[in-house]
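K.L.:
One structure is given below, represented as structure tokens, and several questions about it will come after.
Please treat every number below as a calculation from the coordinates, not as lab data. Everything quoted here is computed from the prediction, not taken from an experiment. For neighbour counting, all protein chains shown are included, and Cβ atoms are generated from backbone atoms with ideal geometry for every residue, glycine included.
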Amino acid sequence: EAAVTQSPRSKVAVTGGKVTLSCHQTNNHDYMYWYRQDTGHGLRLIHYSYVADSTEKGDIPDGYKASRPSQENFSLILELASLSQTAVYFCASSEGGNTEVFFGKGTRLTVV
Amino acid sequence: GQQVQQSPASLVLQEGENAELQCNFSSTATQLQWFYQSPGGSLVSLLSNPSGTKHTGRLTSTTVTKERRSSLHISSSQTTDSGTYLCAIDMSNYNVLYFGSGTKLTVEP
């Protein structure tokens, strides 16, 4: 069974602080993604990566950085957290192309 | 702009009734996927259907690519089907998905 593990599962951060969300996959997938979901809405893509040491911007990259140090790990970094970044963040992996996408269980981030 | 639109936004059924969920998209899609999001928030892929009709269990998806629309039919609904159904398209072949806002389904006993 494919597995995508996110940590932490929830976090409260202070405005202006740095936040790092981590994602680890054991699927041997090349593609990894970070999405955010706001209450009552679908998911929006922040960053993605198709190879280690390289990341690509998604639809809403402003205020976020991503890091892919290895095939298995993909981090999302908020250098200066803001109230508007309160959301649930999902990491996902896939083989690319028309293949199934596997999601982690999400990280609930609250910025106060 | 809004790439993917889903309707209805919410739907309440009695157990045993059928559900029909709609997804319309504004751009050519190389991939279309339906996801289920549980009330607890977990996401699972249900069906991948860029064109034609696909069945799995009580689910049937029909996608008409030229008309940029897809439907998900759930037969004989059960209370455990309650949750949010999300439609997503990929225009890139990298599985970079654009999601609709979802249809919240409530199945009452």
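K.L.:
Hey, among A:N98, A:N28, which residue is within 14 Å of chain B (Cβ to nearest Cβ) and not in a strand (DSSP E or B)?
P.N.:
Going through A:N98, A:N28 in turn, just one is within 14 Å of chain B (Cβ to nearest Cβ) and not in a strand (DSSP E or B): A:N98.
K.L.:
Just checking: which of the strands (runs of 3 or more DSSP E) contained wholly in the stretch B:11-109 hold 2 or more residues that are polar (S, T, N, Q)? Working first, answer last.
P.N.:
Working: elements: B:19-25, B:31-37, B:43-48, B:52-56, B:59-64, B:69-74, B:83-90, B:97-99, B:103-108.
Result: B:19-25, B:31-37, B:43-48, B:52-56, B:59-64, B:69-74, B:103-108.
K.L.:
Moving on to the next point. Which residue out of B:L32, B:L43, B:L11 is more than 10 Å from chain A (Cβ to nearest Cβ), buried (at least 16 other Cβ atoms within 10 Å of the Cβ) and not β-branched (V, I, T)?
P.N.:
Criteria check complete, one pass: B:L11.
K.L.:
Now a separate question. Being within 14 Å of chain B (Cβ to nearest Cβ), surrounded by 13 or more Cβ atoms within 10 Å (Cβ to Cβ) and of a type in the set (S, T, N, Q) is the filter here, so list the residues in the stretch A:40-75 that pass it.
P.N.:
Listed by number, the residues that qualify are A:S49, A:T55.
K.L.:
Which of the residues belonging to the stretch B:85-103 are more than 9 Å from chain A (Cβ to nearest Cβ) and either within 13 Å of the chain's Cα centre (by Cα) or closer than 18 Å to B:R58 by Cα (or both)?
P.N.:
Of all residues in the stretch B:85-103, those more than 9 Å from chain A (Cβ to nearest Cβ) come to B:85, B:89, B:91-92, B:103.
Selection gives B:Y85, B:I89, B:T103.
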